[in-house]
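Let me begin by presenting the structure, written as structure tokens, before commenting on it.
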Amino acid sequence: MLVLFETAAGYAIFKMLDENKLKETDNLYLEFQSPEAANKILKLKHFEKFADTTEALAATTAAVEGKLSKILKKVLKKFVDKDVQEKLLVADNKLGTAIKEKFSLQCLSNSPVQELMRCIRSQLDSLISGLPKKENTAMMLGLAHSLSRYKLKFSPDKVDTMIVQAVCLLDDLDKELNNYIMRCREWYGWHFPELGKIITDNIAYVKLVKVMGTRDNAAKSDMSDILPEEVEEKVKETAEISMGTEISEDDIIHIQHLCDQVIDISNYRAQLYDYLKGRMMAMAPNLTVLVGELVGARLISHAGSLINLAKHPASTVQIIGAEKALFRALKTKKDTPKYGLIYHAQLIGQASTRNKGKMSRMLAAKASLATRVDALGESTGFDLGVEHKTKLESRLRFLEEGNIKRLSGTGKAKAKFEKYHGVSEIKQYPVAADSTLPSSSKRKRDSDNKPLIEEIKTEVEEETTETTKQKKKKLKKEVKEEEEVEVKQEVEEQGEGKKKKKRKKQDVEEVEVKEEVQEEEATTPSKGEKKKKKKKGQEVGESSTAAVETEEVVQESSEKKKKKKKKHKEVVEQE
């Protein structure tokens, strides 16, 4: 059984004398307490020394990646017999699989092997002869420095640091340019204040100041490369009538130096933007297609690296850059922000105000997927970003047009879609609200209760007809009784004088008047009946009809009485 041990100085191949020691790994360290005991278990077969640190670095980087270096291949060909079926103990599992594929050897790398490697490392100086301790430590130090430098240089996590630095520098250049241009406009504005209103472009203003100098040179200077003809003529005309103060040549020289600085910085900014654009397309093509170069680079710089951005969920990507507003909203228990740096993306800028929040949520979800593909995927194309961008543009078109179509294929999606689009309702002022008359609700109630009112009317009419008939019968009976009484009285009083007859006539008249009053009281309805009739509805008209009928009956009875009186007078006179 052979053991392959890797050191900073070279490769060592040991022959294991006692294979049973691997079965008892718990107490294996006791066998390596002294160099003599270690030499009884292991015997050095060959040690291949590295020529320099570059060769050591190449061997170690190949071992880290799970590949075989050239030196290791030579050693295994020379000192490992293929005919003898021996096992090779290896520390790294990847290296063991590579050796097995190349040389078809049985390689072992398990926990007992790892314990054996630790024991060999403790007695390395005594086991490997011909390798001084100082030389070994120097090789270890050199290999550590070169390996760390190699990892920093070729680490995929650290390539995006250039993007972070470029974006930060671009933001600083924008601030400096704004400050310089403001200073130049204010400084030259004392001499030629009208020029600031005519030319609004900052770079054109700075170039014109550099070419023209003082306003006295406006007529002589050539401005055709900077301004169109109409603006050039206007500048020359206003320069002759300008109300600005006079300045010296020394002042204009310093202003022109400032203009040179502004032009140089603006040119460098354009170059830096092109560099950043190329780096972003190489580093994160899908994110660049979705969000844009500047927004994508700012997201990466805010997260720290592309891998850190890929670890963020979509909800965090949506709010990156708005941390202050988020924590302020959480403290005050108000609405949290809908977007951060992603607000400056093109898709969100195209959306209306009511759809910006929805678009930012969808764009953040797609951007998080794109960053994961860019950071962890093997493909270098931008097909995924183009596909997601077309989907988002179609969604935005649906939202802006307001068409109710199947967004995700469910009824709930339609309901949510309609929730964010309230139908505009036009309300008009009701003209009926201006009237002071009572509302038509009572009429509606009356119309609803028409059948009840009709039943009550029929009942009242029946009652009134019955009462009138009874009253007529009573009046006829009373009239007959009175006639009989009068006839008897006339027969009894035939022998008396005229005075008594006159008194009887007065008494009869009084009795008749009383009877008439009683009849009228009997015919007229009482107060309780009137109240009932008012409650039931239209009883006023019915009572009037009954009164008319009773009056007719009274008139008939009074006429009969008059006729009887006349007859009675005639009989008395004849006697």
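The values are calculated or read from the model by the stated rules, or taken from the named source; none is laboratory data. Predicted model only: the values in this text are computed from it and were never measured. Virtual Cβ from ideal backbone geometry, glycine too; neighbours counted across all protein chains shown. Heads up: the accessible areas ignore ligands, DNA and RNA and are worked out on the full protein's heavy atoms, side chains in. Shrake-Rupley method; radii C 1.70, N 1.55, O 1.52, S 1.80 Å.
Taking the range 194-352, how much of its Cα-Cα pair set, in percent, is spaced more than 19 angstrom apart? Across the range 194-352, Cα pairs with separations above 19 Å total 68 percent. For the pair L44 and K100 in one chain, pulling the backbone fully straight at 0.36 nm per residue adds 17.9 nm over the alpha carbon distance. For the range 1-157, the ratio of Cα radius of gyration to the globular rule of thumb 2.2 N^0.38 Å stands at 1.05.
Packing order of peptides 364-371, 109-116, 243-250, highest average first: 364-371, 109-116, 243-250 (average count of other Cβ atoms within 10 Å over each peptide's residues). Taking amide hydrogens as placed 1.01 Å from N in the peptide plane, the amide H of G377 sits under 5 Å from that of no residue at least 5 positions away in sequence or on another chain. Beyond 21 Å in Cα-Cα separation lie the following of the pairs K151/K366; K49/K133; K45/K73; K49/K134; K70/K94; K77/K151: K151/K366; K77/K151. Given R0 = 22 Å, the distance between the Cβ atoms of E36 and D92 translates into a calculated FRET efficiency of 0.15. Per residue, the range 252-403 exposes an accessible area of 53 Å² to a 1.4 Å probe, with every protein chain left in place.
Averaging sequence separations of C-alpha pairs under 8 Å and six or more residues apart, then dividing by the length of the range 1-141, give the relative contact order as a whole percent. Answer for the range 1-141 is 30 percent.
Dividing the alpha-carbon radius of gyration of the range 181-278 by 2.2 N^0.38 Å (N being the number of residues), what value is obtained? Dividing the Cα radius of gyration by 2.2 N^0.38 Å gives 1.14.
Here r is the Cβ-Cβ distance between A325 and D434 and R0 is 56 Å; the resulting FRET efficiency, rounded to 0.05, is 0.65.
If R0 equals 22 Å, the separation of the Cβ atoms of N308 and K151 corresponds to a calculated FRET efficiency of about 0.75. Site pair D383 and T200 shows an inter-label distance of 4.6 nm when each label is modelled 7 Å from Cα along Cα→Cβ. Around the amide H of L44, modelled in the peptide plane, lie the amide H atoms of K15, all under 5 Å away and 5 or more residues distant in sequence or on another chain.
Sorted on the mean count of surrounding Cβ atoms within 10 Å across their residues, most packed first, peptides 210-221, 390-401, 323-334, 26-37 read 210-221, 390-401, 26-37, 323-334. Close amide H contacts of L108 (hydrogens built in the peptide plane, cut-off under 5 Å, sequence separation of 5 or more or a different chain): L88, L89, V90. Here's the picture: a label point sits 7 Å out from the Cα of D174 along the beta-carbon direction, and within the range 191-224 the residues with their amide nitrogen under 18 Å of it are 202-203.
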